[in-house]
Each structure stands twice: as C-alpha cells, then as structure tokens.
1. Which members of the range 61-81 meet the condition of being outside any loop (DSSP other than H, G, I, E, B) and touching a residue at least 12 places away in the same chain (Cβ under 8 Å)?
2. Residues to consider are 405, 358; find the one that is more than 30 Å from residue 277 (Cα to Cα), in contact (Cβ under 8 Å) with a residue 12 or more places away in the chain and crowded, with 19+ Cβ neighbours inside 10 Å.
3. Looking at (1) assigned by TED's automatic domain parsing to the domain that holds residue 20; (2) touching a helix residue (DSSP H, G or I) at 6+ places or on another chain (Cβ under 7 Å); (3) farther than 21 Å from residue 45 by Cα, which is the one condition that is false for residue 227?
4. What number of residues in the range 89-105 are over 29 Å from the mean Cα position of the chain (by Cα), in a helix (DSSP H, G or I) and closer than 16 Å to residue 159 by Cβ?
5. Restricting to the range 9-28, count the residues that are within 17 Å of residue 196 (Cα to Cα) and away from ligand 2 (no atom under 16 Å from the Cβ).
6. In the range 135-174, how many are surrounded by fewer than 17 Cβ atoms within 10 Å (Cβ to Cβ) and at positive phi?
7. What helices (runs of 4 or more DSSP H) lie completely within the range 129-206 and have 2 or more residues being away from ligand 1 (no atom under 16 Å from the Cβ), within 18 Å of the chain's Cα centre (by Cα) and in the same structural domain as residue 99 (by TED's automatic domain parsing)?
8. What are the residues in the range 27-43 that are part of a loop (DSSP other than H, G, I, E, B) and near ligand 1 (Cβ under 8 Å from one of its atoms), if any?
Ligand SMILES: Nc1ncnc2c1ncn2[C@@H]1O[C@H](COP(=O)(O)OP(=O)(O)O)[C@@H](O)[C@H]1O
Ligand SMILES: [Mg+2]
C-alpha cells in the first residue's frame with residue numbers, strides 16, 4: 001500500500017478552543033478511512049486544514065511523500081483533493097454540468113462547450129454508478145442526487161482523495177446504501193476516501209480503517225476488522241456507553257393529542273403540512289420519521305401555536321386548541337422541545353435560573369401576587385440542576401456559557417417540570433454528544449412511562465426506531481404511513497421516507 005496523505009502534528013486553535021491538538025493521520029491509496037468523533041471533536045476543522053480553508057497553527061501536511069503547503073482550496077484541488085461539505089456549495093438555478101465546471105479556469109473559446117462537459121459528466125457517472133442527468137437544474141434534484149453532483153464535481157477535477165463531511169446526515173437509508181456502493185466502487189478504482197461521521201454502524205459497514213478523535217485529540221487508528229461498535233463508542237466518548245434504552249411494554253391510555261386534516265404553510269407561504277391526521281395516547285411515543293425539510297418542523301410549530309393552521313383541527317385532551325396561543329396550549333399541559341434550542345428554546349444571555357423558571361414564573365410558588373419569591377425560585381433551580389444533571393458551576397451562569405448538551409438539559413428541565421400531558425420533541429438530540437443523547441432519550445422514555453404522550457420528531461431513523469411505540473413517516477408534508485415500531489421493516493420505512501411507498505390506514509381515526 002502506498003501512502004497518499006500524511007498529517008503530522010496538526011494543531012489548530014480558535015479563540016478559547018483547541019480544535020486540533022497535534023493530530024497525526026495517514027491515508028493510503030484506495031482505502032476508505034473513517035474520521036469518527038462526537039460533535040465538536042475537531043473532524044471538520046482537521047479536514048478544512050487539509051483542504052486549505054483553515055491554516056493550521058503548526059504541523060505538516062505530506063502529499064505522496066512530499067511536504068506541501070495548502071493555502072486555499074485551489075491548492076488542495078490542484079494536488080488532487082476534493083471535499084464535499086455538510087452544506088452543499090452548488091448553485092441551484094444552474095444545471096449539473098454548469099455546476100461541475102463552475103470555478104474552473106475558462107477555456108480560450110468565448111463560449112464554453114457545455115455538451116462536452118455533459119458527456120464527460122455522463123461518462124464519469126456511469127463509471128462509478130453516480131447517475132445524474134447533466135442537463136437537470138440543481139434545484140429540481142433531491143438532496144441525495146445533489147450530493148452525487150458534488151462528488152462528480154470533485155472527480156471531474158481529478159480528485160485522488162475525496163473527503164466527505166457527514167454525508168449521510170441528509171440521506172434516507174436507501175440513499176445511504178446507494179452512496180456506500182458508489183464509495184466502494186471509487187475505492188476499488190484506487191480513489192481514497194475520508195469519511196467523516198459520528199455513526200458507528202456506518203464505520204463498520206463501509207470503512208477499512210478508522211481514526212477516532214476526541215476533544216481535538218487523536219485517540220487511535222484501528223482496522224475496522226479488529227474492532228466493534230462498542231469499543232469504538234468507548235474510544236469516542238471516553239467511557240462505557242449504553243445506547244440500549246430499556247422501554248417496558250405499556251398499554252397506551254386515553255388519547256391526549258388528536259390531529260385531524262391539519263394543513264399549514266411554510267415561511268414562503270407554500271403548503272408544508274398537507275391534511276395530516278393522527279393521534280397519540282398516554283404512555284405512548286409516536287415517532288415522526290422523514291428526511292429533514294418534509295414539513296416536520298412546521299407541524300410541530302402548528303401544534304404548539306407558533307404557526308397558523310390553514311385547515312383542520314388540533315385537540316388536546318378533548319379541548320380544541322387549533323390556532324390558540326402558545327401560552328394557552330402550555331396551560332393545557334403541552335411541553336415543547338424546539339429543534340433550535342439556541343434561538344427559540346433558550347434566552348442565551350439569561351441565567352440558568354431565569355431560563356428554568358421561564359414557564360412557571362408567574363405561578364405559585366415562584367411568585368405570589370406578582371412578586372417573585374426568591375427562596376422557592378432558588379430551590380426550584382437547585383433541584384432542577386440536580387435532577388437533570390446540568391453540569392454548571394452554579395445557577396447564575398449565563399446559559400450561553402454551557403455546552404450544547406447542558407443547554408438541552410436546561411430546556412428539558414423547564415419543559416418536563418409539572419408533568420406535561422403531551423411533549424412535542426423536535427430533534428431533541430440534534431448536535432448532542434453520545435452521553436447527552438443517552439440522557440435525553442432516557443428522559444423521554446421516563447416521561448412516557450409515567451403517563452405522558454410524546455410526539456418525537458427526528459431525522460435520525462435509529463432514534464425513531466429505538467424510542468417509538470408507533471412510527472409515522474412524513475414525506476412532502478403528508479403522512480405516508482403509520483406502523484407499529486415493534487417489528488417495523490426498515491426497508492419499508494426507508495421507501496416511505498423516499499416517497500415511493502404508502503402504508504397503513506392513514507386516517508387512523510379508529511379510536
Ligand atoms: N470557525 C470557528 N471559530 C471558532 N470555533 C470553531 C470554529 N470552527 C470550529 N470551532 C470549534 O472547534 C471545535 C471543533 O469543531 P469541529 O471541527 O466543527 O468539530 P466536528 O466537525 O468534529 O463536530 C468545536 O469546539 C467548535 O466549536
Ligand atoms: Mg463537523
């Protein structure tokens with residue numbers, strides 16, 4: 001095996017953060033090498049150093065045995081390095097072929113010969129199983145196909161090393177399988193791949209070797225054939241983790257949430273939720289699966305009174321709350337864990353205590369005749385910090401200074417206080433590390449066990465499968481299927497997520 005890329009002691013700091021702490025890495029020709037680590041471990045930063053988007057503070061980069069300096073992406077591309085970022089950098093109104101040549105030096109002829117480019121894109125696509133219509137405009141293509149365009153763009157520039165930053169985050173399970181096939185075919189033809197992920201199963205299913213990063217440091221590089229998910233999890237988190245959630249079988253109770261023919265528009269005034277109907281009972285978690293952007297967020301906002309319903313009804317414990325204000329809905333016993341805790345979930349410049357009392361400050365015992373009661377407030381804050389294991393030097397710390405996981409615990413502590421009848425949890429573990437994820441999931445199961453109805457919206461299918469009692473799949477604003485979680489067929493759910501299958505009694509109004 002010949003070594004293609006070698007990093008020696010790459011160090012990169014941001015104000016107050018050591019993002020890469022003298023990291024070594026070696027990539028061989030034709031291998032698929034996973035870069036595994038929790039959120040914030042330094043994976044993207046390290047690869048941005050390789051790709052010339054950041055300058056390392058110190059350390060060396062070797063390409064085919066020679067030391068190189070990469071000052072900008074152009075230098076990396078010239079060496080033969082391609083990178084597909086988490087957020088694609090394509091131009092939506094342009095075609096596939098136009099995007100592929102965008103940014104390349106213009107040829108001497110006044111007009112670019114696009115048909116030649118189209119032909120080459122077609123041929124490259126056939127060679128690696130990356131099928132795309134070169135004449136299609138980007139905005140018309142599903143996300144999974146846009147990702148293929150990004151890969152084609154790198155291959156067109158003769159990349160010998162392809163860096164993919166969390167490429168499966170935006171894909172359905174079916175699309176993930178397709179991508180894996182493409183990557184294996186690329187590797188077989190000698191192209192090296194660095195596959196950034198925090199998902200252990202993907203490392204085991206796809207990669208030859210894996211380098212684990214934790215807190216900016218390299219923990220180890222191992223062959224995937226010599227390791228397993230449990231060991232990798234331990235390296236990644238730094239302690240033993242138990243991702244198995246114990247969920248007792250329970251008989252669901254009365255219907256808490258009943259949604260009938262609910263419709264709503266998105267921020268651009270286009271239909272986002274289309275005549276959706278379902279119910280959730282006590283002691284039950286209904287998971288809503290779907291690729292991001294299929295109306296899930298809008299659905300949660302309508303249920304919580306933050307977005308207007310244009311049609312249909314929402315009932316909580318028999319009360320019609322359609323188009324009521326969030327406060328009225330809270331008073332019916334509804335809790336909301338928003339997908340963007342930094343913007344709508346928390347007041348970042350306020351203290352932990354102030355955030356914790358956000359929902360109950362106007363009620364006894366926290367206030368009496370409109371006057372805050374400092375003792376009960378301090379006791380409430382102290383007990384929440386303890387119960388929800390919020391790691392902080394004290395209750396008066398500003399929330400913005402907490403880590404993502406601890407911020408989410410503040411949201412949970414506030415929302416779960418007072419035993420809500422219904423919890424709407426939208427992407428509750430997004431961006432959290434494994435430890436915090438484990439904690440949040442257990443809290444939701446605990447709430448379910450003690451009688452709450454839970455609507456869990458998540459783009460992580462694994463999370464939906466682990467936590468739910470029933471699974472609904474959303475596609476382009478519609479619920480295309482509702483199935484029991486026990487014995488659920490992943491392939492079937494994946495097809496529903498891709499919009500090619502509808503399953504079950506969609507009115508589901510039998511109770
Ligand atoms: N441009 C930046 N400015 C300041 N801090 C950053 C920047 N990019 C990343 N960081 C910090 O560096 C650390 C590593 O981040 P990142 O490389 O994005 O991790 P990963 O990709 O593994 O999730 C994190 O603490 C992050 O907050
Ligand atoms: Mg990253």
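The values are calculated or read from the model by the stated rules, or taken from the named source; none is laboratory data. Quick caveat, the model's predicted, so the values are computed rather than measured. A quick note on method: Cβ atoms are made from the backbone with ideal geometry, for glycine too, and the neighbour counts reach across all protein chains shown.
1. 61, 62, 63, 73, 74, 75, 76, 77, 79, 81
2. 405
3. (2)
4. Going through the range 89-105 one residue at a time, the tally reaches 1.
5. Selection size over the range 9-28: 4.
6. Of the residues in that region, 1 qualify.
7. Where helices (runs of 4 or more DSSP H) fall fully within the range 129-206 and carry at least 2 residues being away from ligand 1 (no atom under 16 Å from the Cβ), within 18 Å of the chain's Cα centre (by Cα) and in the same structural domain as residue 99 (by TED's automatic domain parsing), they are 143-156, 173-188.
8. Selection gives 37, 38, 39, 40, 41, 42.
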